[in-house]
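The values are calculated or read from the model by the stated rules, or taken from the named source; none is laboratory data. Quick caveat: nothing in here was measured; it's all calculated off a predicted structure. Counting neighbours? That spans all protein chains shown, and the Cβs are built from the backbone with ideal geometry, glycine included. For accessibility, only protein heavy atoms count, side chains too; no ligands or nucleic acids. Shrake-Rupley method; radii C 1.70, N 1.55, O 1.52, S 1.80 Å.
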Amino acid sequence: MTMRWLAALCCLFGLCAVTGCVDEDEFPDTPQGNLDALWRIIDEHYCFLDYKKAEIGLDWDEVHARYSARVDEGMSRTQLFEVLCEMLSELRDGHVNIYTSFNTAREWSWQEDYPSNVSDTLLRRYLGTNYHMSNGMNYRVLDDNIGYVYYPSFGNDIGAGNLDDMLTLFAPCRGLIIDIRGNGGGMLTSAEEFAARFTNQKLLVGYMQHKTGKGHNDFSQMKEQWLEPAKAVRWQKPVVVLTNRGVFSAANEFVKCMKCCPNVTVVGDRTGGGAGMPFSSQLPCGWSIRFSACPIYDRNKQSTEFGIDPDHFVNLTDEDFLRGRDTIIEFARQLLK
């Protein structure tokens, strides 16, 4: 299965996964009814419960008992929202959210509890003012003849022409730095299109599954994910990808693919993860719920939900910052020299 079909297939599976997630008669629009409905949606359709029980000791039954004790029929919607948010935070998943008219529940501990390892001040220093801007990519040739591209989001649908023009500009360079630090994801197709420029052959990059039942371990067989080489300009020289804990979701998948490509080295910090395709459902009160329902794995069939390690762990240092130097970029430049 090529990755370009992944999103479409998961959307199809997602429709099956969330249809009839909660029974409105079984779960009334009360604080306890909404908590029970949310717990049941996650219990039957969330894809990482067994994995997180093994990794972090999550006991979803115990979570239900503990948070049920915190709701009462006299609580306000805001108070209920806070309790439900805290209950979902037990999953430690950035793809799990509650959407209301007054707030959005989000889980950011995957990056909040770690050093950022990126500085806007330093990025402006390296990019300068005379850099190229193209569909979300900012890039230029550094003074040591190394190409540098800062790509903070895969939120836009990247175009083949954008990539052709950028790689053509970098053709005389000795190597290329791709800086995706802080890239929280976006369109999986854009991540795939970019990664496809760094291989000349079809590569097995991972596997995916979908839920087939309500049991925690009810999944389909693993389906292969293949990265097809682009039918356009492809890069043939060394590449260094810069990462930090802010690299999440589609950006995490990009790193997974790039680690399978030749001449690629990953430098920085462990990525933030986010290896579950998200889908949506609704609570009796009308609030929307998003959750991970389609697990994705690397080529060794290992989950990357909690991130991907770089080839070289490098942190920004205070000494370099005061000197106007980005430790991680400079490490990459030395590798390419």
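A few points about this structure:
- The aspartates and glutamates within cross-link reach of residue 231, meaning a Cα-to-Cα straight distance under 20 Å and a gap of 8 or more places when in the same chain, are 157, 164, 165, 192, 193.
- Gained length - residue 325 relative to residue 212, 0.36 nm times residue gap less alpha-carbon distance: 35.6 nm
- Carbon/sulfur fraction of accessible area - the stretch 212-300, other protein chains in place, 1.4 Å, %: 43
- Those trypsin sites (Lys or Arg not before Pro) in the stretch 208-290 that DSSP places in a loop and that have at most 13 other beta carbons within 10 Å: 214, 231
- Gaussian network model of the chain, springs between alpha carbon atoms under 10 Å - residue of 145, 300, 263 with greatest fluctuation: 300
- All aspartates and glutamates inside 16 Å of residue 223 as judged from Cα atoms, apart from same-chain residues fewer than 8 positions distant: 253, 298
- In nm, spacing of pseudo-spin labels at residue 130 and residue 313 (7 Å Cα→C-beta vector): 4.1
- The length gained on full extension between residue 75 and residue 43, counted as 0.36 nm times the residue separation minus their Cα-Cα distance, comes to 9.1 nm.
- Segment residue 62..residue 50, full-extension length gain: 2.9 nm, with 0.36 nm per residue of separation and the alpha-carbon distance subtracted.
- Database remark: amide H of residue 207 closer than 5 angstrom to the amide H of 225, 297, 298 (H placed geometrically; neighbours at sequence offset of 5 or more, or on other chains; Pro and chain starts carry no H).
- Over 21 Å (Cα to Cα) - which of 214/256; 202/237; 53/256 fall in this group: 214/256; 53/256
- Summed residue charge, Cβ within 14 Å of residue 146's Cβ, Lys/Arg positive, Asp/Glu negative: 0
- Percent RCO, i.e. relative contact order, over the stretch 96-235, from Cα pairs under 8 Å lying at least 6 residues apart: 18
- Labels on offer are (1) 21.5, 69; (2) 18.5, 50; (3) 19.8, 67, and the one holding Rg and Dmax of the Cα atoms in Å computed from this structure is (1).
- Electrostatic bookkeeping for residue 55 treats Lys and Arg as +1 and Asp and Glu as -1; over the other residues with beta carbon under 11 Å from its beta carbon, the sum is +1.
- Residues within the reach of a label modelled at residue 116 (point 7 angstrom out along Cα to beta-carbon, backbone nitrogen below 19 Å), restricted to the stretch 307-324, are 314-324.
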